[in-house]
1. Does Ala63 satisfy being without any contact (Cβ under 8 Å) to a residue 12 or more places away in the chain, among the aliphatic types (A, V, I, L, M) and surrounded by fewer than 16 Cβ atoms within 10 Å (Cβ to Cβ)?
2. Which of the residues that make up region 108-130 are surrounded by fewer than 16 Cβ atoms within 10 Å (Cβ to Cβ), at negative phi and at pLDDT below 90?
3. Need the failing condition index for Gly100 against (1) surrounded by fewer than 20 Cβ atoms within 10 Å (Cβ to Cβ); (2) in a strand (DSSP E or B), just the number.
4. So, Ala75, is that one out of contact with any strand residue (DSSP E or B) (no Cβ under 6 Å at 6 or more places or on another chain), of a type outside the set (Val, Ile, Thr) and at pLDDT 95 or above or not?
5. Scanning region 1-17 for residues that are touching a residue at least 40 places away in the same chain (Cβ under 8 Å) and assigned to a loop (DSSP other than H, G, I, E, B), which turns out surrounded by the fewest Cβ atoms within 10 Å (Cβ to Cβ)?
6. For region 18-59, which positions are assigned to a helix (DSSP H, G or I), closer than 27 Å to Ala127 by Cβ and touching a residue at least 40 places away in the same chain (Cβ under 8 Å)?
7. Among (1) modelled with pLDDT of 95 or more; (2) over 13 Å from the mean Cα position of the chain (by Cα), which single condition is Val3 missing?
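The values are calculated or read from the model by the stated rules, or taken from the named source; none is laboratory data. Computed from a predicted structure; not experimentally measured. Backbone-built Cβ (ideal geometry, glycine too); neighbour counts: all protein chains shown.
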Amino acid sequence: MKVFLDTNVWLSATIFSGLCESLVTACADRDWLVTCPLVRVEAHEVLARKFPHLPHAPALFDASWSEAPLVNDVAEPADDNDARLVAAAATAGADLFVTGDKRVLGWKQSGTLRIVTPREAWIILFAPHLKH
């Protein structure tokens with residue numbers, strides 16, 4: 001299983017306790033995570049802009065993010081980081097792209113890559129007997 005987390009999921013796991021944090025931990029424990037450098041760039045930009053009062057947050061993010069194997073960034077489309085992240089996940093052979101972004105969730109699938117919410121990912125990965 002390969003799981004690619006969108007930047008917003010990584011950030012939620014870094015800043016708040018809850019589902020995203022549990023998802024990162026459980027997937028990392030199973031070596032299911034993959035990521036790309038663009039996630040780190042976006043995360044650091046958001047942390048600096050929205051969470052300057054949490055100076056330790058970039059180091060916390062880096063500590064968990066660095067545990068995931070890196071795949072290459074995708075350069076196009078240059079004006080749509082969301083599409084670039086989904087393309088990187090698909091190119092890496094990820095099974096799930098996990099995001100809270102409603103626009104990206106509307107894409108549903110990219111080839112064999114399923115685009116799902118954190119809750120849907122949890123059910124698929126750890127509670128498959130529940131409806132999804």
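1. Taking the combined requirement at face value, the residue satisfies it.
2. Hits for region 108-130 are Gln109, Thr112, Ala127, Pro128, His129, Leu130.
3. (2)
4. The answer is no for Ala75.
5. Once the filter is applied, the top-ranked residue is Met1.
6. Within region 18-59, Leu19, Cys20, Ser22, Leu23, Val24, Ala26, Cys27, Ala28, Val39 qualify.
7. (2)
Here is a yes/no grid of residues against (1) touching a residue at least 40 places away in the same chain (Cβ under 8 Å); (2) within 17 Å of Pro37 (Cβ to Cβ); (3) within 15 Å of the chain's Cα centre (by Cα); (4) assigned to a loop (DSSP other than H, G, I, E, B):
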position	(1), (2), (3), (4)
Ala83	no, yes, yes, no
Ala87	no, yes, yes, no
Ile115	no, no, yes, no
Ala121	yes, no, yes, no
Leu125	yes, no, yes, no
Pro128	no, no, no, yes
